[in-house]
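Worksheet for the structure shown next.
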Amino acid sequence: AQSVTQLGSHVSVSEGALVLLRCNYSSSVPPYLFWYVQYPNQGLQLLLKYTSAATLVKGINGFEAEFKKSETSFHLTKPSAHMSDAAEYFCAVSGAGGGNKLTFGTGTQLKVEL
Amino acid sequence: DTEVTQTPKHLVMGMTNKKSLKCEQHMGHRAMYWYKQKAKKPPELMFVYSYEKLSINESVPSRFSPECPNSSLLNLHLHALQPEDSALYLCASSHIGQGGTGELFFGEGSRLTVL
């Protein structure tokens with residue numbers, strides 16, 4: 001069984017500050033890990049994914065995440081927050097291969113303040 | 001074309017109505033999904049179709065009836081819904097097997113309100 005835990009349901013940062021959203025996973029098989037972003041009243045958009053290639057993954061909009069097996073973590077970071085980054089962020093895990101169930105974390109609401 | 005298109009974007013229905021949500025993709029994906037999302041919650045899986053066959057039903061009430069007419073289309077038929085069924089319904093698609101990484105492509109969702 002696979003699961004992810006997102007620490008912090010709400011994170012608030014100042015514009016220009018570092019963004020750090022935390023995700024820890026549990027998986028009995030090599031995991032595929034994902035970060036999705038959801039803006040109000042919209043669907044989910046993929047930010048980045050880890051599929052057992054490079055452990056440091058770069059995504060869209062300046063986001064990146066590092067897969068750390070020893071810590072079972074896949075935290076999302078961005079060096080400098082923009083107002084436009086305010087949204088809900090979901091970490092998700094699936095087993096290796098396609099067509100498997102994607103298990104989502106509970107989500108983190110990112111607020112960016114002036 | 002990397003889009004999943006859902007219609008309608010908004011739907012209001014009474015508890016005795018019959019309506020349908022529609023989803024279409026042209027990415028050659030052979031897995032299609034319905035998720036339900038309540039406010040401030042993560043998406044919850046409802047159904048998965050693999051190669052146009054229902055492969056996963058997450059114990060969804062029978063008032064929700066999925067249909068996959070072909071590899072590009074996915075419908076969700078709604079009948080005798082309850083107010084608590086009001087939510088955002090998301091369709092997604094993905095590759096299967098060696099061609100896939102488990103990544104799901106989501107549509108914008110259909111916002112359903114049951115009165």
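Among the residues of segment B:32-58, the ones that are of a type in the set (A, V, I, L, M, F, W, C), over 29 Å from residue A:109 (Cβ atoms) and touching a Gly at 6+ places or on another chain (Cβ under 9 Å) come to 0 in all. In summary, strands (runs of 3 or more DSSP E) completely within segment B:1-69 and bearing 2 or more residues that are aliphatic (A, V, I, L, M) and either away from every other protein chain (no Cβ under 12 Å) or in contact with a Cys (Cβ under 8 Å, 6 or more places away or on another chain) (or both) occur at B:10-13. Here residue A:98 meets each of (1) out of contact with any Pro (no Cβ under 8 Å at 6 or more places or on another chain); (2) surrounded by fewer than 13 Cβ atoms within 10 Å (Cβ to Cβ); (3) modelled with pLDDT under 95; (4) not hydrophobic (A, V, I, L, M, F, W, C) with one exception, condition (2).
Here is a yes/no grid of residues against (1) out of contact with any strand residue (DSSP E or B) (no Cβ under 6 Å at 6 or more places or on another chain); (2) over 16 Å from residue A:110 (Cα atoms); (3) among the polar types (S, T, N, Q); (4) buried (at least 19 other Cβ atoms within 10 Å of the Cβ):
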site: A:1; (1), (2), (3), (4): yes, yes, no, no
site: A:8; (1), (2), (3), (4): no, no, no, no
site: A:11; (1), (2), (3), (4): no, no, no, no
site: A:16; (1), (2), (3), (4): yes, no, no, no
site: A:21; (1), (2), (3), (4): no, no, no, yes
site: A:28; (1), (2), (3), (4): yes, yes, yes, no
site: A:31; (1), (2), (3), (4): no, yes, no, yes
site: A:34; (1), (2), (3), (4): no, yes, no, yes
site: A:37; (1), (2), (3), (4): no, no, no, yes
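The set of residues in segment B:57-75 that are surrounded by fewer than 16 Cβ atoms within 10 Å (Cβ to Cβ) and either closer than 24 Å to residue A:92 by Cβ or of a type in the set (D, E, K, R) (or both) comprises B:57, B:58, B:59, B:63, B:67. Among the candidates A:94, A:52, the residue that is in contact (Cβ under 8 Å) with a residue 60 or more places away in the chain and within 14 Å of chain B (Cβ to nearest Cβ) is uniquely A:94.
Looking for whichever is touching a residue at least 60 places away in the same chain (Cβ under 8 Å), in a strand (DSSP E or B) and away from chain A (no Cβ under 11 Å) here; the options are B:112, B:81. Which one fits? Exactly one of B:112, B:81 is touching a residue at least 60 places away in the same chain (Cβ under 8 Å), in a strand (DSSP E or B) and away from chain A (no Cβ under 11 Å), namely B:112. Annotation note: Cβ proximity below 8 Å between a residue of segment A:5-19 that is among the acidic types (Asp, Glu) and a residue that is surrounded by 13 or more Cβ atoms within 10 Å (Cβ to Cβ) and modelled with pLDDT of 95 or more (sequence gap 6+ or interchain) occurs for A:15/A:81; A:15/A:82; A:15/A:112. Applying the criterion of being among the hydrophobic types (A, V, I, L, M, F, W, C) and more than 17 Å from residue B:78 (Cβ to Cβ) to the residues of segment B:1-31, the residue that is modelled with the highest pLDDT is B:4.
The values are calculated or read from the model by the stated rules, or taken from the named source; none is laboratory data. None of these values were measured; they are calculated from a predicted model. So basically every Cβ, Gly included, is an ideal-geometry build from the backbone, and we count neighbours across all protein chains shown.
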